[in-house]
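The values are calculated or read from the model by the stated rules, or taken from the named source; none is laboratory data. Predicted model only: the values in this text are computed from it and were never measured. Methodologically, a virtual Cβ is constructed for each residue, glycine included, from the backbone with ideal geometry; neighbour enumeration extends over all protein chains shown.
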């Protein structure tokens, strides 16, 4: 019995080492919203893994430093689950913009309003403080908005970019909330609020259609040690955000992560999400030099 316990502890430590940085922003149903740092071990040493750990799957490939075509190999991506959905992640030729896209799907589940968080880890870049995430996406089947007429297949879609440095997590995340009060609308993530998903003001309402490509770009920076949302673009419409939140503490190792999340509805209706030509461009802070006046 003692020998078995030691084996579980060693396996758990190995899991922590292999997991690395994982950027997770997970939201449940309309009345359930949580944030989770998925680098935390989801087991107590000496006990069996939790159901969430069984559902989760880390990337096969180790993180590298790359900026473009981040969707080309499904083995670069991992899955983090809440409420035990069933899921698929793979590469497909159709639909795609360049011949190959990444598919991440909810295929069902026994618990309502579960979600699937599809993420990719990247190597640390200590100097990076200006970020642009571009993630064209397509979902199917089509959905109603806010349960009008028939129940909506999609509860919400979320997009996030993260930097982990010196035990701080700088997270930029936007959510297309399709079901709930005020939906369909866009919200941003502020983990320090009682309701972390905060409506953007002025309200950006939008009913997204399935079966077609949508453009998505999010720009942000770490400014004065704070998370500063600059702007985002959806379907060629640009929206200035100019929103600031604080980072959150984490035990995760330094690194970068991007992700998108599929939130299931009350009946766990299956749906597919495809992303293509995904890029995550990061740069150091822009230094402004004032002219020197010679006297």
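Miscellaneous remarks
- Inside segment 109-139, residues that are over 22 Å from residue 71 (Cβ atoms) and not in a strand (DSSP E or B) make up a count of 8.
- Verdict on residue 69 being touching a strand residue (DSSP E or B) at 6+ places or on another chain (Cβ under 8 Å), closer than 30 Å to residue 132 by Cα and at pLDDT below 95: no
- Residues of segment 197-239 that are within 25 Å of residue 141 (Cβ to Cβ), assigned to a loop (DSSP other than H, G, I, E, B) and over 17 Å from the mean Cα position of the chain (by Cα): 204, 206, 207, 208, 209, 210, 211, 212, 213, 235, 236.
- Qualifying residue in segment 127-134 (condition: buried (at least 21 other Cβ atoms within 10 Å of the Cβ), within 20 Å of residue 271 (Cα to Cα), within 13 Å of the chain's Cα centre (by Cα) and modelled with pLDDT of 95 or more): no
- Search result, residues across segment 76-90 that are under 17 Å from the mean Cα position of the chain (by Cα) and not in a strand (DSSP E or B): 76, 83
- The residues of segment 155-172 that are in a strand (DSSP E or B), touching a strand residue (DSSP E or B) at 6+ places or on another chain (Cβ under 7 Å) and more than 17 Å from residue 208 (Cβ to Cβ), listed by number, are 160, 161, 162, 163, 164, 168, 169, 170, 171, 172.
- Residue in segment 142-155 that is surrounded by 20 or more Cβ atoms within 10 Å (Cβ to Cβ) and touching a helix residue (DSSP H, G or I) at 6+ places or on another chain (Cβ under 9 Å) present: no
- Single residue of 228, 239, 192, 214 found to be in contact (Cβ under 8 Å) with a residue 12 or more places away in the chain and farther than 22 Å from residue 134 by Cβ: 192
- Residue check for residue 93: over 18 Å from the mean Cα position of the chain (by Cα) and in contact (Cβ under 8 Å) with a residue 60 or more places away in the chain: no
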